[in-house]
Amino acid sequence: MRRFAATNLIAALGATAFAAALVWSTAFPAAAAVATDPADARARSQEAFRKIATVLRDPRCMNCHTLTDFPRQGDDRHRHIMNVLRGGDNHGVPGQRCSTCHQAVNQANGVPGAPKWGLAPLSMGWEGLNDHQLADSIKNMSRNGNRTLAQIQDHMAHDTLVAWAWNPGAGRRSPQISQAELGLLVQEWIDTGAVSPDPH
Amino acid sequence: MISLTINGRLEQLDLPPDTPLLWALRDRLGLTGTKFGCGAALCGACTVHVDGEAVRSCSAPIGQLDGRKVVTIEGLAASVGKDLHPVQQAWIEEDVVQCGYCHSGQIMSAAALLAQVPRPTDADIDGALGGNICRCGTYQRIRAGIHKAAEIAAKA
């Protein structure tokens, strides 16, 4: 009798688990597919990165992720006026540092500002990279500032200088995707294997 | 209340935190040697030193400078314990100035450069002073003046 009850209990639990899995896969088909379909996870990862890349290529990001010894400015990404130079520490040269003009907040006169204003190191220069190269570059710890993928996600989702892109002031436009959405996309990219888009 | 050390003297400024440093210097403290040029960090006329670095005072809100050390053109010589800073001495010897309006900013940028690069090249000078505009076009004399200032400082 006791054995019969235990058997029924196990059966009931199994049925409940099966029903829960059914509900989960119905409600979240993509998530279920991740667990069961590596090819689909790869495709989703690559698609997530393509969306991420639209933000990384935005002038608000790319103007200071240059491969040059100077920053750029504006939506047309022209060379920064005033012969502004990168300098040895990516924050300008003696006598004309980034902080000579850029303070920690945007100014009423239109001069943009955020904490740590400066260029990304040359190793993080993204100009001219296709999606495949861009993803590889971001994952490469010898090029990305020795950041883990989790740290990359945190940087893109929460860094105060990155956040400036969505509060650029003076009528400047922001990336089409919000920073919160970017953070979710980076997390999705990581969770699905951080797959680089195929080279073309 | 915002506290700034300006030319070695502690100043308490009861001003809104978004007040540009230039306004505080000129209108509140009477330090009119620092000039208003463009008001948008585009010309360099308002350059001062904040903790030794060149800063455009028109675009530096005082609320972000609390507790920091500011040196203006009035305090530059004293900041190196001289009657004239080497850059000021060189400016006189090379007769650098024409109308002079931009030159307090030029001198402050030059001094910030020399503090870190005692013997600058022409490229160093162009990089440091690219944001200091001179409508009289005295750029060649500014460059010569900075080289002269480097010589003066080396002999001191």
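Please treat every number below as a calculation from the coordinates, not as lab data. As the structure is a prediction and not an experimental result, all values here were calculated from the model. As a convention, Cβ positions derive from the backbone with ideal geometry for all residues, glycine included, and neighbour counts pool all protein chains shown.
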Query raised in the report: Which residues, taken from the range B:12-27, are surrounded by 17 or more Cβ atoms within 10 Å (Cβ to Cβ) and charged (D, E, K, R)?
Result: B:Arg26
Query - Residues located in the range B:124-141, provided they are more than 12 Å from chain A (Cβ to nearest Cβ) and buried (at least 17 other Cβ atoms within 10 Å of the Cβ) - result: B:Cys134, B:Thr138, B:Arg141
Query raised in the report: Is it the case that some residue within the range B:109-123 is under 22 Å from A:Gly88 (Cβ atoms), more than 9 Å from every other protein chain (Cβ to nearest Cβ), surrounded by fewer than 16 Cβ atoms within 10 Å (Cβ to Cβ) and of a type in the set (Val, Ile, Thr)?
Result: yes
Query raised in the report: Do any helices (runs of 4 or more DSSP H) lying entirely in the range A:133-200 carry at least 3 residues that are farther than 28 Å from A:Gln73 by Cα and out of contact with any strand residue (DSSP E or B) (no Cβ under 6 Å at 6 or more places or on another chain), and which ones are they?
Result: A:179-191
Query raised in the report: Scanning for something among the acidic types (Asp, Glu), assigned to a loop (DSSP other than H, G, I, E, B) and more than 21 Å from A:Pro94 (Cα to Cα), does the range B:13-24 turn up at least one residue?
Result: yes
Query raised in the report: Going through the range B:27-58 one residue at a time, which ones are within 9 Å of chain A (Cβ to nearest Cβ) and small (Gly, Ala, Ser)?
Result: B:Gly39, B:Ala40, B:Ala41, B:Gly44, B:Ala54
Report task. Give B:Gly8, B:Gly44, B:Gly67, B:Gly30 a once-over and let me know the one that is free of Cβ contacts under 8 Å to residues at least 40 places away in the same chain and on the phi > 0 side of the Ramachandran plot. Result -> B:Gly30
Query - Count of residues meeting criterion [polar (S, T, N, Q), more than 8 Å from every other protein chain (Cβ to nearest Cβ) and buried (at least 20 other Cβ atoms within 10 Å of the Cβ)] in the range A:84-117 - result: 0
Query raised in the report: From the set of residues in the range A:48-83 that are under 11 Å from A:Gly118 (Cα atoms) and within 13 Å of chain B (Cβ to nearest Cβ), which is surrounded by the most Cβ atoms within 10 Å (Cβ to Cβ)?
Result: A:Pro71
Query raised in the report: What single numbered condition from (1) under 25 Å from A:Phe70 (Cα atoms); (2) at the interface with chain A (Cβ under 9 Å from one of its Cβ atoms); (3) crowded, with 17+ Cβ neighbours inside 10 Å fails to hold for B:Pro61?
Result: (1)
